[in-house]
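A.B. asks: My questions all concern the structure below.
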Amino acid sequence: MAKLNTNSNAYTLIYASVLVIIVAFLLAFVASALKPTQDANVALDTKKQILSALNIRDCADPDAKYDEVITEGQLNSPVLRANVDGEEKLVVAVKGAGLWGPLWGWVSINKDGQTVYGTFFNHESETAGLGARIKEQWFQDGFQGKQIFQDGKVALGVYKQGKAPSTLPADYYVDAVTGATLTSNGVNDMIQKCLTDNQGAIEAFKE
């Protein structure tokens, strides 16, 4: 029987091919096994974000709290209805682009269809200490009580200090994050676009 030549090109190619197949199989198996857990974690994080937009943070059981307050709509719906302490709220998903990547979040609206109840914003890769600050609660809390529509159009926005339109009252906007103009513009644009896209749902929700 001929001795296997382990120094040949054919041996090297076959050996490498077998290793690649084995590793690919193992990676596919692990990914498949972990997918339910990963999906559950993503769903839980989304629920926490929605609850934060409803000013509900650090609750002991986010899954149970979400099921308690959300009264209509699926987790991936652009619009959900909620009941917080006996008051109805509408939650609108917002998506856009920042300086370095996607932005997203949620805006909750009071039953008057005009006043912001709460917000939550997140990002994928904005600059730490600058654009990334849109995720901080102090920025998000600045939207509470702000007005949304002016003359039938979405006027709620984010503007660099002193740069808001002269015709826009202060209760229609928040100040941009200092040093993060492009990220702040991204938040402004996604709010105005997504609230405009869902204006019909907001009108239907109004008292």
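A.B. asks: Given the protein chains as shown and a 1.4 Å probe, how many square angstrom of ARG81 are accessible, to the nearest 10?
C.D. replies: Here the accessible area works out near 60 Å².
A.B. asks: Using a 1.4 angstrom probe on the protein heavy atoms only, line up ASP141, ASP45 by accessible area, largest first.
C.D. replies: On the way: ASP141 55, ASP45 75 Å².
These residues rank, largest area first, as ASP45, ASP141.
A.B. asks: Report, in debye and to the nearest 20, how large the dipole of the chain comes out about its Cα centre when Lys and Arg carry +1 and Asp and Glu carry -1 on their Cβ. Before the final figure, lay out the partial values.
C.D. replies: Numbers: 18 positive and 23 negative charges, 167 e Å.
I would put it at about 800 debye.
A.B. asks: Rounded to the nearest 20 debye, what is the charge dipole size of the range 129-207 about its Cα centre when +1 sits on each Lys and Arg Cβ and -1 on each Asp and Glu Cβ? Numbers along the way, then the final one.
C.D. replies: On the way: 8 positive and 9 negative charges, 51 e Å.
With only Lys, Arg, Asp and Glu charged at Cβ, the dipole is about 240 debye.
A.B. asks: Sticking with this structure for a sec: Put +1 on the Cβ of every Lys and Arg and -1 on every Asp and Glu Cβ in the chain; which of CYS194, ASN55, LEU90 then has its Cα farthest towards the positive end of the dipole?
C.D. replies: Checked the options; the winner is CYS194.
A.B. asks: For the full complex of protein chains and a 1.4 angstrom probe, list LYS153, LYS146 by accessible area with the highest value first. Write down the numbers at each step before the final one.
C.D. replies: Values: LYS153 145, LYS146 40 Å².
Highest to lowest solvent-accessible surface, that is LYS153, LYS146.
A.B. asks: What percent do you get for the relative contact order of the chain when only Cα pairs under 8 Å and 6+ apart count?
C.D. replies: On the way: 326 pairs, mean separation 32.9, N = 207.
About 16 percent, as a whole number.
A.B. asks: Sort CYS194, CYS59 by accessible area with a 1.4 Å probe, largest first. Display every interim value, and only then the final one.
C.D. replies: Details: CYS194 15, CYS59 40 Å².
Accessible-area ranking of CYS194, CYS59, largest first: CYS59, CYS194.
A.B. asks: Summing -39500 (n - 2.57) over the DSSP H runs of n ≥ 4 in the chain and dividing by its residue number, what mean residue ellipticity at 222 nm do you reach, to the nearest 500 deg cm²/dmol?
C.D. replies: Numbers: 5 runs with 82 residues, N = 207.
It comes out at -13000 deg cm²/dmol, rounded to the nearest 500.
A.B. asks: Oh, and also: Based on the alpha-carbon gyration tensor of the range 57-207 and its eigenvalue square roots a ≥ b ≥ c, which shape applies: rounded if a/c is under 1.5, prolate if not and a/b is larger than b/c, or oblate?
C.D. replies: Values: a/c = 1.83, a/b = 1.25, b/c = 1.47.
It is oblate, given that a/c is not under 1.5 and a/b is not larger than b/c.
A.B. asks: Given a Förster distance of 41 angstrom, what is the FRET efficiency for SER17 paired with ASN122, based on the Cβ-Cβ distance and rounded to 0.05?
C.D. replies: Calculated transfer efficiency: 0.45.
A.B. asks: Expressed in nm to one decimal, what extension gain is obtained for the pair ALA33 and LYS135 from 0.36 nm per residue of sequence separation less their Cα-Cα distance?
C.D. replies: 33.6 nm
A.B. asks: Based on the mean of other beta carbon atoms within 10 Å per residue, what is the order of 23-30, 174-181, most packed first?
C.D. replies: Details: 23-30: 10.0, 174-181: 18.5.
Sorting 23-30, 174-181 by mean packing, highest first, produces 174-181, 23-30.
A.B. asks: Additional query: Can you give me the distance in nm between label points at ASP45 and ASP171, each placed 7 Å from the Cα along the Cα-to-Cβ direction?
C.D. replies: The modelled label-to-label distance comes out at 3.7 nm.
A.B. asks: If you line up the long axis of helix 181-197 against the longest principal axis of the chain, both from Cα atoms, how many degrees apart are they, to the nearest 10?
C.D. replies: Here the helix axis deviates by roughly 70 degrees.
A.B. asks: Given R₀ = 35 Å, FRET efficiency for LYS193-THR71 by Cβ-Cβ distance, to 0.05? Walk me through the numbers before you get to the answer.
C.D. replies: Numbers: r = 26 Å, r/R0 = 0.74.
It comes out at approximately 0.85.
The values are calculated or read from the model by the stated rules, or taken from the named source; none is laboratory data. Note that the structure is predicted; figures quoted are calculated from it, not measured. Cβ coordinates were reconstructed from backbone atoms using ideal geometry, including for glycine residues, and neighbour counts include every protein chain displayed. Just the protein is used for accessible areas: all its heavy atoms, side chains included, with ligands, DNA and RNA removed. Shrake-Rupley method; radii C 1.70, N 1.55, O 1.52, S 1.80 Å.
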